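Novice: Questions regarding the structure given below will be posed in turn.
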Amino acid sequence: AYEYFGSAIADGDRAYLFDLVRFFRRRYRQIVLSADQNTCTGQSMSMSAYTLLPSPSPIQAIVVPGNAKCKRVADKINFAGFDVYPIRAPTVPSGSERIRIILHVHNTRNDVEQLVKHIGIILANATCTVDGA
């Protein structure tokens, strides 16, 4: 295992993984944060509450305020086939609950694209439902 970490293969894997992180962040901004129409009602909506926290690492976090809402959104993303985790108060301050996403070297760009598209749909629906998710 130690030989791997100093190898050219590991260097390539790290470069790929950090490229995947940049791709995830760019696509999140393009798909989720640029959404300005509520798919449920056609009314204007704001996705800005779902902040993508700054992080250059493979561990990414999207703020989904409220313990119950954060859990429901994470459950829906998991049901869609993606492994994400709700991080809720009191682990984080109330109002800053978040969905933790960990990207791995075995993920493909298509995996990340599908993840972001599902997140966008789920968050849009969470924004326009009466109960918040």
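The values are calculated or read from the model by the stated rules, or taken from the named source; none is laboratory data. What you see is a predicted model; the values in this text were computed from it and never measured. As a convention, Cβ positions derive from the backbone with ideal geometry for all residues, glycine included, and neighbour counts pool all protein chains shown. Just the protein is used for accessible areas: all its heavy atoms, side chains included, with ligands, DNA and RNA removed. Shrake-Rupley method; radii C 1.70, N 1.55, O 1.52, S 1.80 Å.
Novice: Given (1) over 21 Å from SER55 (Cα atoms); (2) in a helix (DSSP H, G or I), identify the lone condition not met by GLY81.
Specialist: So the condition that GLY81 fails would be (2).
Novice: Out of the residues in segment 67-83 that are open to solvent by less than 50 Å² (accessible area, probe 1.4 Å) and in contact with a helix residue (DSSP H, G or I) (Cβ under 9 Å, 6 or more places away or on another chain), state the one that is nearest to PHE23 (Cα to Cα). So that I can check it myself, show each step before the final result.
Specialist: Of segment 67-83, the ones open to solvent by less than 50 Å² (accessible area, probe 1.4 Å) are 69-70, 73-74, 77, 80, 82.
Restricting the remaining residues to those that are in contact with a helix residue (DSSP H, G or I) (Cβ under 9 Å, 6 or more places away or on another chain) gives 69, 73, 77, 80, 82.
Working: LYS69: 26, VAL73: 22, ILE77: 19, ALA80: 20, PHE82: 17 Å.
By that ranking, first place goes to PHE82.
Novice: Which ones in segment 84-106 are under 28 Å from TYR16 (Cα atoms), assigned to a loop (DSSP other than H, G, I, E, B) and within 14 Å of the chain's Cα centre (by Cα)?
Specialist: Here is the first cut: in segment 84-106, the ones under 28 Å from TYR16 (Cα atoms) are 84-87, 98-106.
With the extra rule that they be assigned to a loop (DSSP other than H, G, I, E, B), the set shrinks to 103-106.
Answer for segment 84-106, where residues must be under 28 Å from TYR16 (Cα atoms), assigned to a loop (DSSP other than H, G, I, E, B) and within 14 Å of the chain's Cα centre (by Cα): LEU103, HIS104.
Novice: Would it be correct to say that TYR4 is at pLDDT below 95, among the aromatic types (Phe, Trp, Tyr) and more than 19 Å from GLY120 (Cα to Cα)? If you could, list the steps in order and put the result at the bottom.
Specialist: Details: at pLDDT below 95: yes; among the aromatic types (Phe, Trp, Tyr): yes; more than 19 Å from GLY120 (Cα to Cα): yes.
The answer is yes for TYR4.
Novice: Which condition breaks for SER94 when tested against (1) modelled with pLDDT of 95 or more; (2) more than 30 Å from ALA10 (Cα to Cα); (3) in contact with a strand residue (DSSP E or B) (Cβ under 8 Å, 6 or more places away or on another chain); (4) of a type in the set (Ser, Thr, Tyr)?
Specialist: (3)
Novice: Looking at ILE62, ILE102, which one is modelled with pLDDT of 95 or more, among the aliphatic types (A, V, I, L, M) and within 13 Å of GLY120 (Cα to Cα)? I'd like the intermediate steps shown before the answer.
Specialist: Numbers: ILE102 fails: within 13 Å of GLY120 (Cα to Cα).
Of ILE62, ILE102, the one residue that is modelled with pLDDT of 95 or more, among the aliphatic types (A, V, I, L, M) and within 13 Å of GLY120 (Cα to Cα) is ILE62.
Novice: Among (1) under 18 Å from ILE121 (Cβ atoms); (2) in contact (Cβ under 8 Å) with a residue 40 or more places away in the chain; (3) of a type in the set (A, V, I, L, M), which single condition is VAL84 missing?
Specialist: (2)
Novice: Need pairs with beta-carbon distance below 9 Å; first residue of a type in the set (Ser, Thr, Tyr) and within segment 105-120, second in a helix (DSSP H, G or I); sequence gap 6+ or separate chains.
Specialist: THR108/LEU20
Novice: With the structure loaded, tell me whether VAL92 is in contact with a helix residue (DSSP H, G or I) (Cβ under 6 Å, 6 or more places away or on another chain) and surrounded by 13 or more Cβ atoms within 10 Å (Cβ to Cβ) or whether it fails that test. Explain how you work it out, then say what you get.
Specialist: Details: in contact with a helix residue (DSSP H, G or I) (Cβ under 6 Å, 6 or more places away or on another chain): no; surrounded by 13 or more Cβ atoms within 10 Å (Cβ to Cβ): yes.
No, not satisfied.
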